[in-house]
Amino acid sequence: MVKHKLFVVDIKKEEAWINQYVKLGYRLVKVKTMTGYYQFEQDTLKCKSHKVKIDFRTFRKIEDFNDYIAMFEDSGWKHIAGTKSNGIQYFERTDNNISEDIFSDEASKAELYKRIANMWFGLFVAYIPILVAFGMTGTLKIYNLFHLKELYYTPGLWDRTGIDFWKAFWFETPFALGRGFFGLLFFIIVLSYAYCALKALFWYYKEKQVQFP
């Protein structure tokens, strides 16, 4: 069974969504976080201990990543999905006698969101110079969506008339719209990084309040 759903930072909501299918007798076997792809299979063993939890970790060395996976597996948590560098790690509980949570305390839960916030904020900061440079060179013509004539580069286009004008106009229109919407799309993507960072910080401070009411 394949399901598609995108989650923005909210780890608890994603876990609850996954585990609703686990309760129905399915096991999560594959995840593609960037596309919101989740693959489940029927749990033939019908093991009541199965439960999915999510962590967020990135590693520079594969050895550190393998040690991290081994530590969880020794504690009764099987690694389902996640790589050394993509951050989001999915684990399945395999032993009914261990805790239902992979975190030992509330502070660890809070730090999870702090790591996510740092990742998104790092991406936002990294793309700001590119956004500024494109804006200064005129590559990102976001404002031209309100001045569409500036997106057409054909010399003397607006002085032409009749069939000559319409042929040139319709030929360049796809390219003109691409120039305008590329800038808008790039701008939205960069802002989305900031949004994700702020949302992760919101959950970080919310978890901190749980820890220190």
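The values are calculated or read from the model by the stated rules, or taken from the named source; none is laboratory data. Predicted model only: the values in this text are computed from it and were never measured. Reconstructed Cβ throughout: ideal geometry from the backbone, glycine too, with neighbour counts over all protein chains shown. Ligands, DNA and RNA are excluded from the accessible area calculation, which covers all protein heavy atoms including side chains. Shrake-Rupley method; radii C 1.70, N 1.55, O 1.52, S 1.80 Å.
Take the conditions at pLDDT 90 or above and open to solvent by less than 50 Å² (accessible area, probe 1.4 Å) and apply them to Lys30. Does it pass?
Details: at pLDDT 90 or above: yes; open to solvent by less than 50 Å² (accessible area, probe 1.4 Å): no.
In short, no.
Looking at Phe121, is it over 29 Å from Arg27 (Cα atoms) and outside any loop (DSSP other than H, G, I, E, B)? Full working, then the answer.
Working: over 29 Å from Arg27 (Cα atoms): yes; outside any loop (DSSP other than H, G, I, E, B): yes.
Yes, satisfied.
What about Phe187, is it surrounded by 13 or more Cβ atoms within 10 Å (Cβ to Cβ) and modelled with pLDDT under 85? Write out each step before concluding.
Working: surrounded by 13 or more Cβ atoms within 10 Å (Cβ to Cβ): yes; modelled with pLDDT under 85: yes.
Considered against the rule, which asks whether it is surrounded by 13 or more Cβ atoms within 10 Å (Cβ to Cβ) and modelled with pLDDT under 85, Phe187 comes out as yes.
For Phe134, all conditions in the list (1) of a type outside the set (A, V, I, L, M); (2) in contact with a strand residue (DSSP E or B) (Cβ under 7 Å, 6 or more places away or on another chain); (3) modelled with pLDDT under 75 hold save one; what is the number of the exception?
(2)
Can you tell me which residue among Phe56, Phe65 is touching a Leu at 6+ places or on another chain (Cβ under 8 Å), of a type outside the set (Asp, Glu) and outside the structural domain of Glu111 (by TED's automatic domain parsing)?
Working: Phe65 fails: touching a Leu at 6+ places or on another chain (Cβ under 8 Å).
So the residue among Phe56, Phe65 that is touching a Leu at 6+ places or on another chain (Cβ under 8 Å), of a type outside the set (Asp, Glu) and outside the structural domain of Glu111 (by TED's automatic domain parsing) is Phe56.
Okay, residues lined up against (1) over 14 Å from the mean Cα position of the chain (by Cα); (2) closer than 22 Å to Val9 by Cβ:
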site: Lys30; (1), (2): yes, yes
site: Asn66; (1), (2): yes, no
site: Ser85; (1), (2): no, yes
site: Gln89; (1), (2): no, yes
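Return the residues of segment 155-174 that are exposed (fewer than 13 other Cβ atoms within 10 Å of the Cβ) and part of a helix (DSSP H, G or I); say none if nothing qualifies.
Trp158, Asp159, Gly162, Ile163, Asp164, Trp166, Lys167, Trp170, Phe171, Pro174
One residue is enough: does segment 10-29 have a residue meeting the conditions more than 22 Å from Ser108 (Cα to Cα) and among the acidic types (Asp, Glu)?
Just the residues of segment 10-29 that are more than 22 Å from Ser108 (Cα to Cα), to begin with: 20-29.
Okay, now just the ones that are also among the acidic types (Asp, Glu), so none.
No, segment 10-29 has no match at all.
For segment 13-27, give me each residue that is open to solvent by less than 40 Å² (accessible area, probe 1.4 Å) and in contact (Cβ under 8 Å) with a residue 24 or more places away in the chain. First the steps, then the outcome.
In the first step, residues of segment 13-27 are kept if they are open to solvent by less than 40 Å² (accessible area, probe 1.4 Å); the result is 14-15, 17-19, 21-22, 25.
Matches in segment 13-27: Glu14, Glu15, Ile18, Asn19, Val22.
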